[in-house]
Amino acid sequence: MASTTPTQIDTAPPVTRSGGSTGRAGDKIFAGLSKGSGILLLVIMASIAAFLTYRASIALSKNEGNFLTTFDWNASANPPVFGIAVLLFGTVVSSIVAMAIAVPIAVGIALFISHYAPRKLAAPLAYVVDLLAAVPSIIYGIWGALFLVPQLNGLNLWLDEYLGWTYVFEKTQVGVARSLFTVGILLAIMILPIVTSVSREVFLQVPRMNEEAALALGATRWEVIRMSVLPFGRSGVISASMLGLGRALGETMAVATVLSPSFLISGHILNPGGGTFAQNIAAKFDEANEFGRDALIASGLVLFLLTLLVNGAARLIIARRKDFSGANA
């Protein structure tokens, strides 16, 4: 009869890591700092919103014009009359032009770097694209005023000749190309690195298994991108575009350097003139009196809310794909 050996039970105390109490204290400190940083950010945002709202209410209470529909900006008059119609129109139109130009080019560059370019070329090209984001906006503005504006005269004439029937590209005023269309092109160049970098990182996260499965089924390189890469990265590209839009909405110095401001709304985007929120604040803040600055702060409040809406929409889109939101990290 075979003998059985009783199972030995290990009763040794569990081994604790060295410095366990120190580690637990570090966790508590880190958690407290993280929570405090989040609360501090909310307090700062709430303080900014409260300050803008308070100063804006002072100006709006004495405004004799309709703040949303008035075309003039004469806060120093007696009585004061000012409105954001022209500024809102110019900000939205220039941002739409920038997005229409930048997003397709940025997606193309991101796809080339992530799926087409050799590794020896992809790394330097990605570095150059990222480096463009570090160029100060005033440099873009000087380049736009001295180089881009004169070069766009020919393009404006071509668009007027062949696309003038669309009304949007009809040029009805003679003058240099200091228009919302020029501003849109300059903003497109400025937001291109942001959209490209985020889109590139999203495309690089596509599961390799998906691409290899499509190739095994006989798909071409373009079919792999169309069926595997673009569907996976769609929400990421949209969120990258929204981040670029937030940059375009608030750009100041480059727009102020290039645009020839006027308080007129025109559907002809090639005509000189127009205005944006940031450009108007930068141009009028120094010469404005106390009430005039309150009026400018009121327009800044609208831009603040518009930017929050854009970033909030981007966050909602990212939240739809937890792979990009960090929720699974």
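When the charge dipole of segment 137-218 is built from unit charges on Cβ atoms (+1 for Lys and Arg, -1 for Asp and Glu) and taken about the Cα centre, the candidate among ILE191, ILE138, TRP165 whose Cα reaches farthest toward its positive end is ILE138.
Here each label is just a point 7 Å from Cα along the line to Cβ, and for VAL43 and ALA133 those points are 3.0 nm apart. Report, in order of residue number, the helices in the chain meeting two criteria: a C-alpha extent of 24 Å or more along the helix axis, and a mean Kyte-Doolittle hydropathy of at least 0.5; treat each whole DSSP H run as one helix. Flagged H segments are 20-62, 85-111, 180-204, 230-250, 290-320.
Taking the Cα centre of segment 181-329 as the origin and placing charges on Cβ (Lys, Arg +1; Asp, Glu -1), which of VAL302, GLY312, GLY233 is farthest toward the positive end of the dipole? Farthest along the dipole direction, towards plus: GLY233.
For the pair ASN289 and SER57 in one chain, pulling the backbone fully straight at 0.36 nm per residue adds 81.9 nm over the alpha carbon distance.
Here the gap between ARG234 and PHE147, fully extended at 0.36 nm per residue and compared with their Cα-Cα distance, gives a gain of 27.8 nm. For the chain, what class follows from the C-alpha gyration tensor (a ≥ b ≥ c being the square roots of its eigenvalues): rounded when a/c is under 1.5, otherwise prolate if a/b is larger than b/c, else oblate? It is oblate, given that a/c is not under 1.5 and a/b is not larger than b/c.
By how many nm would the segment from ALA213 to PHE30 lengthen if fully extended, with 0.36 nm per residue of separation less the alpha-carbon distance?
61.6 nm
By a 1.4 Å probe calculation restricted to protein chains, ARG55 has an accessible surface near 40 Å², given to the nearest 10.
The charge dipole of the chain, taken about the Cα centre with unit charges on the Cβ atoms of Lys, Arg (+1) and Asp, Glu (-1), comes to about 900 debye, rounded to the nearest 20.
Roughly how far apart, in whole Å, are the Cα centres of segment 76-125 and segment 187-236? Going from one Cα centre to the other spans 20 Å.
Taking the average, over residues, of other Cβ atoms within 10 Å as the packing measure, peptides 65-74, 45-54, 106-115 rank 106-115, 65-74, 45-54 from highest down. A simple packing score, the average count of other Cβ atoms within 10 Å per residue, orders the peptides 188-196, 232-240 as 188-196, 232-240, with the highest score first.
Let's see if you can work this out: charge +1 on each Lys and Arg Cβ, -1 on each Asp and Glu Cβ, no other charges. What is the dipole magnitude of segment 197-329 about its Cα centre, in debye to the nearest 20?
It works out to roughly 520 debye.
Dividing the mean sequence gap of close Cα pairs (under 8 Å, 6+ apart) by how many residues the chain holds gives a relative contact order of 25 percent.
Helical runs (DSSP H, four residues minimum) scored at -39500 (n - 2.57) apiece and divided by the length of the chain put the mean residue ellipticity at 222 nm at -21500 deg cm²/dmol.
The simple spin-label model puts a point 7 Å past each Cα toward its Cβ; for LEU316 and THR220 those points are separated by 3.8 nm.
The values are calculated or read from the model by the stated rules, or taken from the named source; none is laboratory data. These figures come from a predicted structure and were not determined experimentally. We place every Cβ from the backbone using ideal geometry, glycine too, and count neighbours over all the protein chains shown. In case anyone asks, the SASA skips ligands and DNA or RNA and just uses the protein heavy atoms, side chains included. Shrake-Rupley method; radii C 1.70, N 1.55, O 1.52, S 1.80 Å.
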